[in-house]
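Working notes, beginning with the structure itself.
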Amino acid sequence: MFVYSIAAEQAFHRARTTMFSTRSKSMDRASLGIAWCLLLFVVLLLEAQPAASQTQSSVRYLQNGNDNVNSNSMQQMLKGAGATPVNWPQPPKQVIPDVKTELAKLNTTYVYQNAWPANNVKLGAVTAVSFDKAGNVVIFHRVDRVWGQNTFDNRNQYTEKFRGPIRESTILALEPQTGKVQYDWGKNFFYMPHGLTVDPEDNVWVTDVAMHQVFKFAPRGAGGKPLLTLGVTFQPGIGKKFCKPTSVAVLNNGDFFVADGYCNARILKYSQAGELILTWGQNSFAGVSYDVAPQNYFAIPHALTLVPDQQLLCAADRENGRVQCFHSSNGTFYSQYHNQLIGDRLFSMAYTPAEGGQLVIVNGPTAELGIHPEHYNEVHGFVLSMGSKQVLSKFGPNNMQFHNPHDVAVTTDGKEIYVAELNPARIHKFVHKSLAKPMSLSATKDSSITSDLSESSALDASTQQTVHHPSGKAILVSSLMLIFAGSTFALALFFAQRRKRGNQALISAPPTDLVYRQLTASNQSCMPFGGRSRRHAWEKSDGFKLGGLLDRDRNGFEKLDTQASDEEQETTTLASAQFA
């Protein structure tokens, strides 16, 4: 193209020179016409060049994307409505000598509450978390449903309608201190839960990616039927239809935003009555992540949060690994936030005005397809300053990594953080260290990372319901057994020393016949372990054996159960590909 450009410009100058020279020499009209034709040809050539360049760039872009596409889910999203191939120059990446070292330097400002929620709370894959007006932690979970490779066909249509809606409650409200269930609802309605938001009036907004719909319910799901429904049941599309919508955010005046995430990659603003006000966003998904993508382009807008004090709406641009913020009044771009410490995938974020305005962020396992990772990656929660755009701290369960965090919520004062996780299926609570109480002994959770393909690309959740936290019975039984073993050992040691002193005394002064007769005739039943266990001091001894002592009464002991809790038996190996 560069060669063609130089040749075209040279031809243009020659044509212009020829035209002017013909005028000066008063050439005939035929020569002048030829000059004008030549000039017109050159102009058309110059105008055609950028179009050819753009076409070739688009082809390269799609080829680059297809190099990484090796699953059904990726093909679905690449074929999603509204997908627009785009090519943009990539600025040089910020150079960090060692990401692992930089991550290790980050402070941990939040303490994990391992005993929350209550032990009897059973969950499927937890997809969303929010707060109601009473301060309860409201969560959305999938119970027994799993998003796998065959859950949707290549037209993004749900393939498991025959199973019917989830029969158990999919929405639970947990008391923030104890974690006990305050109320639950959402039976026999949802097929594949995703996003949940409780608005300032306590209405509950949810999205179902299988139904391709957005629902508004009365506070606590009163009535069991939605007050407002957007989209067409089980029919993906564009326009008034959705294709796997992900999240909702609601303004104080009742206007609300919908992230139409997986296929259409757009954000829509509606009035309180459900009338469309505006829409923006284009699909930039190509199977790879970018440090800085163009404004208003999304590779799965996965979650939404409001920044009321700045009148902003922020979106988690998941596969571009960034947060994009827009003016909530008109949808125009405001700013974006990306950091190499967080990595190339960013699942959700929540805003707190604490410390001048902060974003609490959860990322995900590296690389959309688990290949070609850009750099070292750890799965944590991060606190990012909106002012400086710097990562201030990190957090995770027992100061370790998450597996598949999916959503996050933070209180207005920034003191409590809750993280919804797909696999293992959990809801986590963190408290700022300034308020945290001393932690009790707890089982350390495995820090290994399970690479997943999440939602239409990430591995989803365990196929069975799991109890959230281990029981304290195991610790109690273990403690009692240790105390008993220690006491037994001390008692045995006491008698061993006593016998040793007896042996030494008899060696220095052998017993007389009278002493011998008294010893043999004595009643031995007063000994702690019975007469048979007693040995005469002058009899040959093989030494004290603790095992022999304990063998006298084996019926008094029971084997300790090695499977102390459901959590210890969890497996991180998934039998099939699942998505978030």
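Laid out as a table, the results:
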item	result
The stretch 143-301 - Debye-derived log10 I(q)/I(0), Cα point model, q = 0.08, 0.10 Å⁻¹	-0.25, -0.39
Cut-off under 5 Å, modelled amide H: who pairs with residue 282 long-range	297, 298
Gained length - residue 218 relative to residue 160, 0.36 nm times residue gap less alpha-carbon distance	18.1 nm
Distant-in-sequence amide H partners of residue 393 (H built 1.01 Å from N, under 5 Å)	383
Highest-first arrangement of 385-393, 147-155, 239-247, 117-125, where packing means the average Cβ count within 10 Å	239-247, 117-125, 147-155, 385-393
Nonlocal amide H pairs with residue 195, under 5 Å, H built at 1.01 Å	207
Of all accessible heavy-atom area on the stretch 166-290, the percent that carbon and sulfur account for (1.4 Å)	48 percent
Pairs beyond 30 Å (Cα-Cα), from 100/133; 133/429; 180/240; 180/415; 187/394; 180/389	100/133; 180/240; 187/394; 180/389
Per-residue HN-Hα couplings for the stretch 105-110 [Karplus 6.51, -1.76, 1.60; θ = phi - 60°; Hz; x = Gly/Pro]	6, 5, 6, 10, 9, 10
Selection from 130, 229, 203, by position along the positive dipole direction of the stretch 123-235 (Cβ)	229
Residue-span extension gain [residue 183 to residue 434] - 0.36 nm each, minus C-alpha spacing	87.3 nm
J(HN,Hα) series, the stretch 393-405, from Karplus relation 6.51 cos²θ - 1.76 cosθ + 1.60, nearest Hz, glycine and proline x	7, 9, 7, x, x, 6, 6, 10, 8, 7, 9, 9, x
Separation in nanometres of the label points that stand 7 Å from Cα toward Cβ, at residue 169 and residue 108	3.3 nm
Inter-label distance for residue 153 and residue 280, nm, one decimal - labels placed 7 Å from Cα along Cα-to-Cβ	3.7 nm
Neighbour net charge for residue 253 - beta-carbon separation under 13 angstrom, K R +1, D E -1	-2
Per residue, in Å², the accessible surface of the stretch 171-226 once ligands and nucleic acids are set aside, probe 1.4 Å	35 Å²
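The values are calculated or read from the model by the stated rules, or taken from the named source; none is laboratory data. Computed from a predicted structure; not experimentally measured. Neighbour counts are summed over all protein chains in view; Cβ atoms, including those assigned to glycine, are modelled from backbone coordinates with ideal geometry. Each accessible area value is taken on the protein alone, full model and side chains, heavy atoms only, with ligands, DNA and RNA left out. Shrake-Rupley method; radii C 1.70, N 1.55, O 1.52, S 1.80 Å.
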